[in-house]
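The values are calculated or read from the model by the stated rules, or taken from the named source; none is laboratory data. Note that the structure is a prediction, hence the values are computed from the model and not measured. Cβ atoms come from the backbone with ideal geometry, glycine included; neighbour counts cover every protein chain shown.
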């Protein structure tokens, strides 16, 4: 999507509507902070994964995605699922530690 | 403990055993065993963990490990599809849990279907295939090995997660996506020039039927989907592995064995794919009979592609011939008497 292209313009307008809807619906009422955190963490890390080829940036986004997905578990209500948070923390830490292998030529 | 995902995980283990046994060289076998074993551990965890949230974290770890295996395509390219799938599924879970208008539940249904498609690698998220990629780092792994267990878990959990209206929308989207993949995969396997790409399209066509079966809310439809995934795991995937060996050795031939393989791949009687198709048609007739008509027409598309794929096996010798015979025997037994497979899955 090059700058000034129609798909990019449509994406910008759609994103603006989505942001407006989030502001109107998701960030009001009780538990708004958690809802906002989950949506933005997952949305932004997912978008970053799609927009970069740089392994460190990808790994950071993957770690954020793991933590965001685990935070979403708290939206279910009830007692916190400790196993979920521990698993997400291990994956996030592992993503930061894992050495990236580069593509083999040919 | 959910019966269907556990059964599919056991079938995935059998599929891995066949793939390892009939792989070409000892070094490849060891490599496949290590990677497949790790993948199988992840699959077992996805099938057995108590919540979908933990299954998503396991899927994320699995995707990360898959992307970090040595291969010809870049890390960024391989990590993208599983991570997009996790992001879509996580957003779907969040929307399903927000208190608010019914439309949020429908967003959740869309997210679940899109996430499932992205993880498995079917339309509209077909993974990029490099024919020279080794099996352990090829995107076919998602279609043929990880996908069946994951899809089964997602469909089961979606029933508990979504409201009845959103559940209906979820089923409708699965049927629509299934039909799209069935047609796209069937035509692709027939018309594409490249044999590895034809194999990939044939997996997509099988997935089309499985998704349509998942979308049918009746027991026959779900049973048909289970048998379709059985055919993916224990017919198409092992034969694909053997065809990769044949690709380096000989040219396409048209012997009786190639025709038998083509019949098994096309889901002809009396193989497992035929029982799946009968159940799917019965299920579709119960839900909306014109759908059965569309499915029946779509099923004809398997024939030309399967003849082509059957020929691509060449003339199997030694270990590969044994593999083909074993796969044919398994599918014959499952096609003649599918009841144990259906009973084990809870149908």
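Computed quantities for the displayed model
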read-out: Any hit, segment B:47-55, residues being within 19 Å of the chain's Cα centre (by Cα), under 22 Å from residue B:153 (Cα atoms), surrounded by 20 or more Cβ atoms within 10 Å (Cβ to Cβ) and more than 12 Å from chain A (Cβ to nearest Cβ); value: yes
read-out: Test for residue A:10: is it outside the structural domain of residue A:87 (by TED's automatic domain parsing), more than 11 Å from the chain's Cα centre (by Cα), part of a helix (DSSP H, G or I) and surrounded by 14 or more Cβ atoms within 10 Å (Cβ to Cβ); value: no
read-out: First in segment B:139-168 and without any contact (Cβ under 8 Å) to a residue 12 or more places away in the chain, second anywhere and in a helix (DSSP H, G or I) and surrounded by fewer than 23 Cβ atoms within 10 Å (Cβ to Cβ), Cβ under 7 Å, 6 or more apart; value: B:159/B:167
read-out: Segment A:15-40, subset in contact (Cβ under 8 Å) with a residue 40 or more places away in the chain and within 16 Å of the chain's Cα centre (by Cα), residue nearest to the other protein chains (Cβ to nearest Cβ); value: A:35
read-out: Matching residues, segment A:57-101, being assigned to a loop (DSSP other than H, G, I, E, B) and either modelled with pLDDT of 85 or more or at the interface with another protein chain (Cβ under 7 Å from one of its Cβ atoms) (or both); value: A:81, A:98, A:100, A:101
read-out: Hits in segment A:41-51 - residues which are more than 7 Å from chain B (Cβ to nearest Cβ) and over 25 Å from residue B:51 (Cα atoms); value: A:47, A:48, A:51
read-out: Residue match in segment B:78-89 (condition: farther than 17 Å from residue A:47 by Cβ and more than 7 Å from chain A (Cβ to nearest Cβ)); value: yes
read-out: Residues of segment B:232-263 that turn out to be buried (at least 17 other Cβ atoms within 10 Å of the Cβ) and either modelled with pLDDT of 90 or more or closer than 16 Å to residue B:133 by Cα (or both), as a count; value: 20
read-out: Any hit, segment B:96-113, residues being within 9 Å of another protein chain (Cβ to nearest Cβ) and closer than 26 Å to residue B:243 by Cα; value: no
read-out: Failed criterion for residue B:304 (all others in (1) touching a helix residue (DSSP H, G or I) at 6+ places or on another chain (Cβ under 8 Å); (2) at pLDDT 90 or above; (3) surrounded by 15 or more Cβ atoms within 10 Å (Cβ to Cβ) hold); value: (2)
read-out: Those residues of segment B:29-62 which are within 20 Å of residue A:38 (Cβ to Cβ) and assigned to a helix (DSSP H, G or I), in sequence order; value: B:52, B:53, B:54, B:55, B:56, B:57, B:58, B:59, B:60, B:61
read-out: Those residues of segment B:269-278 which are out of contact with any helix residue (DSSP H, G or I) (no Cβ under 6 Å at 6 or more places or on another chain) and farther than 17 Å from residue B:207 by Cα, in sequence order; value: B:269
read-out: Among the residues listed as A:15, A:5, A:61, the single one being out of contact with any strand residue (DSSP E or B) (no Cβ under 8 Å at 6 or more places or on another chain) and either assigned by TED's automatic domain parsing to the domain that holds residue A:86 or at positive phi (or both); value: A:61
read-out: Filter pass, residue B:8 being in a helix (DSSP H, G or I) and either surrounded by fewer than 21 Cβ atoms within 10 Å (Cβ to Cβ) or within 14 Å of chain A (Cβ to nearest Cβ) (or both); value: no
